[in-house]
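Asker: This is the structure I have questions about; it appears just below.
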């Protein structure tokens with residue numbers, strides 16, 4: 001899809017023009033992600049690492065607040081730094097915190113579901129890097145965990161893919177932003193499925209090599225902002241009506 005390619009290209013351009021703050025921002029998530037995987041291996045529940053890492057990224061949409069501020073400064077031709085990131089978080093609307101709570105709740109629900117599935121379908125300590133991925137004795141667990149987590153991830157994506165940037169740009173209230181996001185996905189399912197596949201591929205790449213989040217998180221955040229602006233151009237009405 002041309003719009004997805006263009007969004008990724010713009011994300012790459014913004015990352016190249018503000019590499020320091022972008023990569024430092026991503027490094028925080030990379031550190032947490034690495035600790036999540038390391039903890040699963042240390043506690044000998046390696047099969048939990050893949051769903052736990054994916055669940056951790058359910059909170060990723062709220063990370064866009066600071067990164068969207070950087071993107072806006074770069075597009076305006078101004079230098080972007082931590083001052084703009086801090087200002088974006090201080091000015092974040094209350095609706096964003098409501099969505100953050102929704103993402104965190106989804107994350108903990110996913111962890112609870114996966115833990116229950118693990119106790120029934122695996123039920124024993126498993127260690128080793130290779131045990132993170134599906135194997136002969138773990139296919140049932142990974143398929144069940146994937147179905148459960150995928151359902152929650154789809155809900156988070158449906159609600160947040162456009163609601164977060166609409167809230168951050170103050171173009172709509174919380175309810176209106178969520179409604180506009182759901183309608184946009186429903187009216188353009190193919191391109192949104194392609195974009196969701198790009199995001200999922202980025203997550204899987206970071207499971208294999210968690211430090212890749214340093215680069216992948218800001219790249220996908222900037223590309224997500226560009227993708228959103230392609231769906232809701234500046235000056236357009238989020239509700240699809242003429243102004």
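Asker: Name the one entry in 31, 37, 67, 15 that is under 30 Å from residue 133 (Cα atoms) and modelled with pLDDT of 85 or more.
Answerer: Result of the check over 31, 37, 67, 15: 31.
Asker: Looking only at helices (runs of 4 or more DSSP H) that lie completely in the range 29-90, which have at least 2 residues being more than 19 Å from the chain's Cα centre (by Cα) and without any contact (Cβ under 8 Å) to a residue 40 or more places away in the chain?
Answerer: Passing ranges, in order: 82-90.
Asker: Out of 112, 95, report the one residue that is under 21 Å from the mean Cα position of the chain (by Cα) and buried (at least 19 other Cβ atoms within 10 Å of the Cβ).
Answerer: One residue alone meets the criteria, 95.
Asker: Across the range 220-243, what is the total count of residues that are under 28 Å from residue 17 (Cβ atoms) and surrounded by fewer than 19 Cβ atoms within 10 Å (Cβ to Cβ)?
Answerer: Residues in the range 220-243 being under 28 Å from residue 17 (Cβ atoms) and surrounded by fewer than 19 Cβ atoms within 10 Å (Cβ to Cβ): 6 in total.
Asker: A follow-up question, please. So which pairs qualify, if the first residue must be in the range 189-218 and in contact (Cβ under 8 Å) with a residue 60 or more places away in the chain, the second must be surrounded by fewer than 21 Cβ atoms within 10 Å (Cβ to Cβ) and outside any helix (DSSP H, G or I), the Cβ gap must be under 7 Å, and the two must be at least 6 apart or on different chains?
Answerer: If the second residue must be surrounded by fewer than 21 Cβ atoms within 10 Å (Cβ to Cβ) and outside any helix (DSSP H, G or I), the pairs left are 191/1; 194/1.
Conditions tested, residue by residue: (1) exposed (fewer than 13 other Cβ atoms within 10 Å of the Cβ); (2) more than 18 Å from the chain's Cα centre (by Cα).
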site	(1), (2)
121	no, yes
135	no, yes
139	yes, yes
142	no, yes
154	yes, no
169	no, yes
175	yes, yes
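Asker: Mind telling me which of the residues 175, 216 ends up being more than 28 Å from residue 19 (Cα to Cα) and either modelled with pLDDT under 85 or part of a helix (DSSP H, G or I) (or both)?
Answerer: Every option except 175 fails the conditions.
Asker: Go through the range 131-153 and count every residue that is touching a residue at least 24 places away in the same chain (Cβ under 8 Å) and in a helix (DSSP H, G or I).
Answerer: 11
The values are calculated or read from the model by the stated rules, or taken from the named source; none is laboratory data. A quick note: this is a predicted structure, and the numbers were derived from the prediction, not measured. As a convention, Cβ positions derive from the backbone with ideal geometry for all residues, glycine included, and neighbour counts pool all protein chains shown.
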